[in-house]
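Everything on this sheet refers to the single structure shown next.
Coordinate-derived values only; no laboratory data. These numbers come from a predicted model, not from an experiment. Every residue, glycine as well, gets a Cβ built from its backbone with ideal geometry; the counts of neighbours run over all protein chains shown.
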């Protein structure tokens, strides 16, 4: 994708999203202004829904106008390995499809691009124009959810699925946008495969990352916002290996296990460099809690050169 275009649309993209999501905390002391802003936002949400229900071409035109892109300007979105997706495949891609998408994009999308919600929205514009999300009704793809949804809920579904809610922080693109999630899970699975010196296959790692969405979201959260020491590839590899063992033993994994493992590894990372620790030390760290209760087992972890 053209880097200049990606940078240029960032400002209109942010402004467009801010105009679609009502943030109550901004109007705590100005309730009269809050009521007026909420009404304006409601109108914009209805305009978005109307564009979606008018079909793919109308939706693409709406998005091009919102991002200040000419109707004939080439966006240069990355390719897509399939001619069309079903709504179910788009909203919750099965493992095989995620692997297919991630592998297809691994040499086309850079980490910098993949971490930006506006990148994925730009790609969605071209994918919508090509009919990849169907040729008639987009609503089942980008608006639908369970039950009767309000305009606010439909809008949030649209924003999450087409790139993530930018104003909510940098984790949304990794956890909410299903196609971006496929890219990042594949990238992390390949990283784990190489970090473990091929002891864990990329396919097995991806299967663990795909198994539980709450576990994936918590892994993203602790890596990006809470415990940045967890950004080290060996730390992530230890957690995914540990989750894989829990999955094999109990047939389930959850976000509490991610929390417990991350806290143990973070405790070590504050004192030692992950790059200089043997793999068995990190593996032992993620086993320091009971897999059923997710509570820590109070045993001492001995480091190289230390004695009990």
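Quick one: angle between helix 202-211 and the longest Cα principal axis of the chain, in degrees between 0 and 90, rounded to 10, please.
Once rounded, one gets 70 degrees.
Per-residue ellipticity at 222 nm for the chain, helices alone: DSSP H runs ≥ 4 residues times -39500 (n - 2.57), over residue total, nearest 500 deg cm²/dmol?
-17500 deg cm²/dmol
Pairs of alpha-carbon atoms within less than 8 angstrom and 6+ residues apart define the contacts here; what relative contact order does the chain have, in percent?
It rounds to 14 percent for the chain.
Let me make sure I get this right: for the chain, a, b and c are the square roots of the gyration tensor eigenvalues over alpha carbons, sorted descending. Under 1.5 in a/c it's rounded, otherwise prolate if a/b > b/c, else oblate. Which is it?
prolate
What number, in percent, do you get for the relative contact order of the range 99-203 if the mean sequence gap of Cα pairs under 8 Å and at least 6 apart is divided by its residue count?
Rounded, it is 30 percent for the range 99-203.
By counting other Cβ atoms within 10 Å of each Cβ, how are 274, 36, 158 ranked from fewest to most?
Ordered from fewest to most neighbouring Cβ atoms within 10 Å, 274, 36, 158 come out as 36, 274, 158.
Mind pulling the angle between the C-alpha long axis of helix 56-66 and the longest principal axis of the chain? Nearest 10 degrees, somewhere in 0 to 90.
Taking Cα atoms only, the helix is inclined about 80 degrees.
Cut-off is 10 Å between beta-carbons; in what order do 261, 188, 1 appear when sorted fewest neighbours first?
1, 188, 261
Mind checking the angle between helix 31-53 and the chain's longest principal axis? C-alpha axes, 0 to 90 degrees, to the nearest 10.
That helix lies at roughly 80 degrees to the long axis.
Can you tell me the order of 85-92, 142-149, 52-59, 171-178 when each peptide is scored by its average per-residue count of other Cβ atoms within 10 angstrom, highest first?
Top to bottom by mean Cβ count within 10 Å: 171-178, 52-59, 85-92, 142-149.
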